[in-house]
Amino acid sequence: MSEEIREEAQVRSRVLEGLDLPKPMAYWHQVWWRFRKDKIGLASAGIIVIVVLLSVLAPWISPYAMDYGPVSNRLANPFSEGHILGTDEQGRDMVTRLLHGGRNSLIAGVVPVFIAFTIGTLLGIIAGFAGSNLNTLIMRIVDIFYAFPAILLAIAIAGALGPGLSNTLIALSVVYTPRVIRIAESVTVQAKGFDFVEAARASGASDIHIIRSHILPNVLSPVLVYNSTLVSISILAAAGLGFLGLGIAAPHAEWGRMLNDLRQSIYVNTWVPILPGVAIFITAMAFNLVSDAVRDAMDVRL
Amino acid sequence: MINSQKPLLDVKNLRKYFPVRSGPLRRVSAHVKAVDDVSFDVKQGEILGLVGESGCGKSTIARVLIRLIDPDAGEIHFQDMDVVKASGREMKALRRRMQIVFQDPWASLNPRMNIQDAIAFNLLAHQFPKKDALEKVWEGLDNVGLNPAQFGLRYPHELSGGQRQRVNIARALVLDPQLLLLDEPVSSLDKSIQAQVLNLLGELREALGLTYIFISHDLHVVGYLSDRVAVMYLGKVVELAETNELYNKPLHPYTQALLGSVPTMNPHQRSTQPPLTGDPPSPIAPPSGCRFRTRCKHAMEVCAQVEPPLQEAEAGRLVACHLYGEGEHANASESSPAGAGDESLG
């Protein structure tokens with residue numbers, strides 16, 4: 001009896017083979033297809049590309065050398081002669097400083113977040129999926145990091161390692177990783193309880209297979225959103241370290257450091273000190289909007 | 001239909017206690033006796049119904065059988081395999097032959113995976129060649145009455161509950177299992193959709209020669225498909241019999257009460273029995289002796305002291321009740337309430 005039905009099903013599916021069916025789009029292809037329809041996300045992505053390009057090309061497109069500036073011409077207004085965005089408190093051209101500052105700020109904003117994202121998601125999923133003792137081990141270590149205020153911890157680590165951009169990156173990565181672990185872990189534990197994960201386990205799939213197909217896509221979107229907010233925080237934290245002499249050393253530009261240096265001049269010239277803040281704001285905003293758009297694009301329900 | 005060969009699945013003295021932790025050190029202070037000393041077997045091609053109130057351990061049994069939860073004690077034999085002692089590799093092979101359909105069609109499909117991929121996942125988990133997987137998936141969708149061209153690329157949120165449950169069934173069947181565990185497969189569906197899915201399950205069983213363990217709290221639903229029905233109360237099987245016999249002449253007072261509480265449209269068939277009152281006692285500290293005695297109108301002294309074993313009361317009928325015991329309690333069966341069921345279900 002069952003043979004007949006099976007045969008019939010065979011025939012029927014062979015009939016189906018002849019039909020012209022839409023080819024299944026790969027998941028990331030679909031994500032891109034949905035992302036493209038999000039105008040704000042697309043515009044923000046464009047802004048990020050422009051900021052990155054300008055920063056990378058800074059040495060070639062800057063009108064002046066990075067540390068050139070006659071003190072006699074300090075704090076010139078924007079649109080003054082030779083300086084479209086004015087000059088800083090040492091008479092250095094603001095366009096040049098902002099372009100060079102973008103390099104360090106982007107590195108300080110993106111690299112620690114990327115490291116935290118990679119390691120944090122991995123450890124968080126492992127902790128959440130393994131449960132019991134491994135979970136306790138990882139999460140209690142995370143708690144130790146949580147016991148210190150973020151910026152104090154960063155100062156302590158950077159202070160121990162010494163000043164410099166790479167040490168700033170290490171310090172910030174160490175600060176942000178536990179936060180990502182905690183989010184990834186809680187989402188993993190939640191996802192693990194869904195029936196579809198149980199069903200996948202009941203089908204005999206391996207843990208890695210289950211994590212890749214069922215857990216990761218569900219963990220990725222909340223983690224991505226959190227990480228995008230971290231980018232702007234990270235730029236500012238790097239600035240804070242620079243202010244304390246633990247970040248990038250003096251003649252080098254960095255948006256946060258520029259903001260701190262120009263802070264005292266705000267009563268002398270209102271416009272110039274705002275500029276690095278605007279640069280940070282636009283970049284951070286663009287990262288947030290892009291990540292919102294990516295999250296929406298990854299959600300098939302929308 | 002039911003042949004007397006070696007059973008497909010043989011469960012002996014299965015026990016699962018969940019620890020209850022309390023206090024600052026989270027010490028184990030008690031156990032929830034979800035499944036306590038349960039034995040039954042399922043023959044090839046048979047549908048065994050498992051019925052009982054919520055919290056009686058039905059779903060736990062399903063999860064233990066497929067080893068989503070490890071049992072504390074007992075034996076499970078699936079054909080020639082020892083399920084309890086199976087290694088990871090053996091378990092993987094076993095899960096090709098034994099699959100489960102969950103109750104909640106909304107939670108049991110990954111919202112981020114289209115239907116085709118969700119079903120193909122099970123195939124790929126078993127290293128099924130990728131190029132043949134799609135055809136197999138389509139065949140499976142076709143078998144459950146969903147047009148593959150129409151539904152394959154849709155996402156779960158675009159489907160109704162009944163369609164989702166069909167997908168779940170297709171997913172469970174795509175590996176060609178012999179035994180399907182149906183954990184309340186229609187409980188969250190509308191009545192009309194329930195009938196469709198039940199009929200589909202009946203057809204698939206005939207067509208593919210499947211064996212089911214059908215779990216539900218709904219006596220109608222269980223009775224519709226099952227060849228035999230096991231009634232559970234607080235982690236124990238209290239009665240096990242062929243469906244018709246059980247429905248026409250329930251022996252255990254709990255079964256009688258359950259059948260008496262089934263609503264009917266016919267006023268002449270309405271039960272004269274008072275409905276069962278109260279909730280089942282806590283499975284953490286079940287009553288001594290017979291677990292049903294606190295709600296049983298026939299409760300006797302012996303019920304508090306001796307736990308009634310599940311034994312044959314009539315040919316092929318297992319009951320765990322002192323009313324049908326031998327020896328000094330045999331006279332009790334004269335005042336047997338067995339007739340109550342006859343009245344209520346004619």
Considering only helices (runs of 4 or more DSSP H) wholly within the stretch B:99-194, the ones with at least 1 residues that are under 21 Å from A:Ile210 (Cβ atoms) and out of contact with any Asp or Glu (no Cβ under 6 Å at 6 or more places or on another chain) are B:115-125, B:130-143, B:161-173
Criterion (over 23 Å from B:Val229 (Cβ atoms), touching a strand residue (DSSP E or B) at 6+ places or on another chain (Cβ under 8 Å) and either crowded, with 18+ Cβ neighbours inside 10 Å or of a type in the set (Lys, Arg) (or both)) met by exactly one of B:Leu175, B:Leu201, B:Leu182
B:Leu175
Would you confirm whether any residue within the stretch B:28-51 is basic (Lys, Arg), assigned to a strand (DSSP E or B) and over 27 Å from B:Glu307 (Cα atoms)?
no
For residues that are surrounded by 21 or more Cβ atoms within 10 Å (Cβ to Cβ) and not hydrophobic (A, V, I, L, M, F, W, C), tally how many sit in the stretch B:117-135.
1
Considering only residues that are at the interface with chain A (Cβ under 8 Å from one of its Cβ atoms) and of a type in the set (A, V, I, L, M), look in the stretch B:97-116 and name the one that is farthest from B:Asp183 (Cα to Cα).
B:Met113
How about the stretch A:232-265: which of its residues are hydroxyl-bearing (Ser, Thr, Tyr) and either buried (at least 22 other Cβ atoms within 10 Å of the Cβ) or assigned to a helix (DSSP H, G or I) (or both)?
A:Ser232, A:Ser234
On the phi > 0 side of the Ramachandran plot and among the charged types (D, E, K, R) - does that describe any residue in the stretch B:2-16?
no
If a residue has to be at pLDDT below 85 and among the polar types (S, T, N, Q) to count, how many in the stretch A:223-248 make the cut?
3
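Results for (1) surrounded by fewer than 21 Cβ atoms within 10 Å (Cβ to Cβ); (2) under 22 Å from B:Arg205 (Cβ atoms); (3) hydrophobic (A, V, I, L, M, F, W, C); (4) in contact (Cβ under 8 Å) with a residue 24 or more places away in the chain, shown as yes or no for each residue.
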{"position": "B:Gly49", "(1), (2), (3), (4)": "no, yes, no, yes"}
{"position": "B:Gly52", "(1), (2), (3), (4)": "no, no, no, yes"}
{"position": "B:Leu65", "(1), (2), (3), (4)": "no, yes, yes, yes"}
{"position": "B:Asp80", "(1), (2), (3), (4)": "yes, no, no, no"}
{"position": "B:Lys85", "(1), (2), (3), (4)": "yes, no, no, no"}
{"position": "B:Arg96", "(1), (2), (3), (4)": "yes, yes, no, yes"}
Conditions (1) under 26 Å from the mean Cα position of the chain (by Cα); (2) away from chain A (no Cβ under 12 Å); (3) not hydroxyl-bearing (Ser, Thr, Tyr) -> B:Leu94 fails only (2)
Please go through (1) at pLDDT below 90; (2) touching a helix residue (DSSP H, G or I) at 6+ places or on another chain (Cβ under 8 Å) for B:Asp218 and return the number of the only condition it doesn't satisfy.
(2)
Of all residues in the stretch B:304-327 being hydrophobic (A, V, I, L, M, F, W, C) and within 21 Å of B:Ala230 (Cα to Cα), which is modelled with the lowest pLDDT?
B:Ala315
May I ask you to verify whether B:Ala195 is within 19 Å of the chain's Cα centre (by Cα) and touching a residue at least 40 places away in the same chain (Cβ under 8 Å)?
no
Residue in the stretch B:63-91 that is nearest to the other protein chains (Cβ to nearest Cβ), counting only those that are on the phi > 0 side of the Ramachandran plot and of a type outside the set (Lys, Arg)
B:Gln79
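Table: residues versus (1) in contact with a Leu (Cβ under 9 Å, 6 or more places away or on another chain); (2) within 14 Å of another protein chain (Cβ to nearest Cβ); (3) modelled with pLDDT of 80 or more; (4) under 30 Å from A:Ile274 (Cα atoms).
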position	(1), (2), (3), (4)
A:Arg12	no, yes, no, no
A:Asp20	no, yes, no, no
A:Trp33	no, yes, yes, no
A:Ala58	yes, no, yes, yes
Being under 30 Å from B:Arg95 (Cα atoms), free of Cβ contacts under 8 Å to residues at least 12 places away in the same chain and touching a helix residue (DSSP H, G or I) at 6+ places or on another chain (Cβ under 6 Å): is that true of A:Ala200 here?
no
Just to check your reading of the model, which residue among A:Thr229, A:Thr168 is away from every other protein chain (no Cβ under 14 Å), buried (at least 17 other Cβ atoms within 10 Å of the Cβ) and either among the hydroxyl-bearing types (Ser, Thr, Tyr) or not in a helix (DSSP H, G or I) (or both)?
A:Thr168
Only listed residue being closer than 18 Å to B:Trp106 by Cβ, touching a helix residue (DSSP H, G or I) at 6+ places or on another chain (Cβ under 6 Å) and acidic (Asp, Glu), chosen from B:Asp190, B:Asp183:
B:Asp183
Matching residues in the stretch A:161-206 - criterion: being out of contact with any His (no Cβ under 7 Å at 6 or more places or on another chain) and β-branched (Val, Ile, Thr)
A:Thr168, A:Ile170, A:Val174, A:Val175, A:Thr177, A:Val180, A:Ile181, A:Ile183, A:Val187, A:Thr188, A:Val189
For the condition within 14 Å of another protein chain (Cβ to nearest Cβ) and in a loop (DSSP other than H, G, I, E, B), what is the one hit in A:Ala205, A:Ala297, A:Ala199?
A:Ala205
Given the structure, is A:Val174 without any contact (Cβ under 8 Å) to a residue 60 or more places away in the chain, part of a helix (DSSP H, G or I) and away from chain B (no Cβ under 14 Å)?
yes
If I go through the stretch B:250-286 residue by residue, how many of them are buried (at least 19 other Cβ atoms within 10 Å of the Cβ) and modelled with pLDDT of 80 or more?
12
Within the stretch A:78-94, can one find any residue that is outside any loop (DSSP other than H, G, I, E, B), of a type in the set (Lys, Arg) and closer than 15 Å to A:Arg257 by Cα?
no
Subset of the stretch B:117-165 [under 21 Å from B:Leu208 (Cβ atoms), more than 8 Å from chain A (Cβ to nearest Cβ) and acidic (Asp, Glu)]:
B:Asp132
Against the condition more than 21 Å from the chain's Cα centre (by Cα) and assigned to a helix (DSSP H, G or I), how does A:Ser72 come out, does it pass?
yes
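The values are calculated or read from the model by the stated rules, or taken from the named source; none is laboratory data. Quick caveat, the model's predicted, so the values are computed rather than measured. Methodologically, a virtual Cβ is constructed for each residue, glycine included, from the backbone with ideal geometry; neighbour enumeration extends over all protein chains shown.
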